[in-house]
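Values quoted throughout were computed directly from the atomic coordinates according to the rules given, and no laboratory measurement underlies them. Since we're looking at a predicted model, the values are computed, not measured. Cβ sites come from the backbone with ideal geometry, for glycine too, and all protein chains shown count toward neighbours.
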Amino acid sequence: MPELPEVERLRLSLLPHLLGARVERVAIYREDVCECVHGGEVVPTNAFALLEGAGIESLHRLGKHLAIASAGGPAIEVHLGMSGQVLVHEGPLPEPSEAKATHTHLAWTLRSGGATRTMIFRDPRRFGGVWGFASFDQLRERRWGGLGPDALEVTGEHLFEQTRGSARSIKAALLDQSLLAGVGNIYADESLFAVGVSPRRLCKRVSREQCERLAQAIRVILAAAIASGGSTLRDYVDADGKQGASQFAHKVYGRSGEACAACGGVLRTATIAQRTTVWCPTCQK
DNA sequence: AGGATAGCCTGCGGGC
DNA sequence: TGCCCGCAGGCTATCC
């Protein structure tokens, strides 16, 4: 379940394969995981909008969203959703039958120096997708305009200003990508545990000082997760197929019924903000 | 208008 | 052993 740290790890692992590479060909196996936009209009899915013929200049990330941009030309956004993966390998483009069997929806032939590689986007559950734009500016405006600041750089002041007086739970707010971009179910629970705030607590009952500590916990926990390779319970791998390791560092996520690392009490679980939530009723108020 | 809810989709694991 | 059902989850559309 990719969140910000997994997407950043993916970005870093893609850099050596993509920077300076030219896209020779794009194979589209499933059009309906793509959306292409040109001149503000949604246009039929096409290889050029998905970088065919372009030279790749930069990779960007905002929250859980990854962008691959050419110099002054097209740019694509990849969103991994629940089960999306981007992988680079040495082999040729997959045959349609193989693509179907592996839920591979798109593939790019990359030419870099003398080497030819294949990048694929696969996503069994298809909650993710790929968006093509005529420029990175258009991508940013159209796809990223509604997102809050990147969670790696969120401030307590921003959290407080955006949540003060709100009647929803702090957990719901942390999951709201328009408030801050990149926190999902795992790191929402981990961050709340780190600062001793119950996921059920209403935003209007979260103080400025608590927002300050929460913002710092979010930044520190996400940075640590990036440093340790991104978390994964099942689906996540980077561009080279390597799994992350930071699931071992989760203090509450996936540990319902286990002992709290801080007080030894039993971690409990409930559905909060439509998400399975785990917290320590003793440590988190 | 803010906040809650349904639905999308497949794979996996528990229970029988 | 094999089948069925429930759950996992980010995001959008829709409802209240």
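A few comments on the model shown:
- The C-alpha atoms of chain A define a longest principal axis, and helix A:185-195 lies at about 40 degrees to it.
- More than 26 Å apart - percent of Cα-Cα pairs taken over the stretch A:4-144: 13 percent
- Its Cα gyration tensor gives the stretch A:151-279 an equivalent ellipsoid, and the semi-axes of that ellipsoid, as √(5λ) in whole Å with the largest first, are 24, 18, 13.
- Exposed-site-free run, longest, chain A (rule: GluC sites (Glu not before Pro); DSSP loop; at most 16 other C-beta within 10 Å): A:91-257
- For the stretch A:123-130, backbone phi angles converted through the Karplus equation (6.51, -1.76, 1.60; θ = phi - 60°) give residue-by-residue couplings of 7, x, 8, 6, 8, x, x, 10 Hz, Gly and Pro being listed as x.
- Using the Cβ of residue A:270 as centre and a radius below 13 Å, the other residues enclosed give a net charge of +3, where K and R count +1 and D and E count -1.
- Calculated [θ] (222 nm, deg cm²/dmol) that DSSP helices of n ≥ 4 give over chain A, each run adding -39,500 (n - 2.57): -7000 deg cm²/dmol
- The stretch A:78-171: relative contact order as a whole-number percent, Cα under 8 Å and 6+ apart: 30 percent
- Counted by Cβ distance under 15 Å from residue A:113, the other residues give a net charge of +1, where Lys and Arg count +1 and Asp and Glu count -1.
- For residue A:190, the shell of other residues with beta-carbons less than 11 Å away shows a net charge of 0, using +1 for Lys and Arg and -1 for Asp and Glu.
- When you filter the trypsin sites (Lys or Arg not before Pro) in the stretch A:113-155 for DSSP loop state and at most 13 other Cβ atoms inside 10 Å of their Cβ, you are left with A:125.
- Rel. contact order, % - alpha carbon contacts under 8 angstrom, at least six apart, chain A: 20 percent
- Pairs from A:171/A:204; A:64/A:251; A:64/A:285; A:204/A:285; A:171/A:242; A:251/A:285 whose Cα-Cα separation, in the structure shown, is over 20 Å: A:64/A:251; A:64/A:285; A:171/A:242
- Equivalent ellipsoid dimensions for chain A as semi-axes, Å, which come from the Cα gyration tensor, largest first: 37, 20, 16
- Rounded to the nearest Hz, the phi-derived 3J(HN,Hα) couplings of the stretch A:63-70 under the Karplus curve 6.51 cos²θ - 1.76 cosθ + 1.60 (θ = phi - 60°) are x, 9, 9, 10, 10, 10, 10, 9, where x marks glycine and proline.
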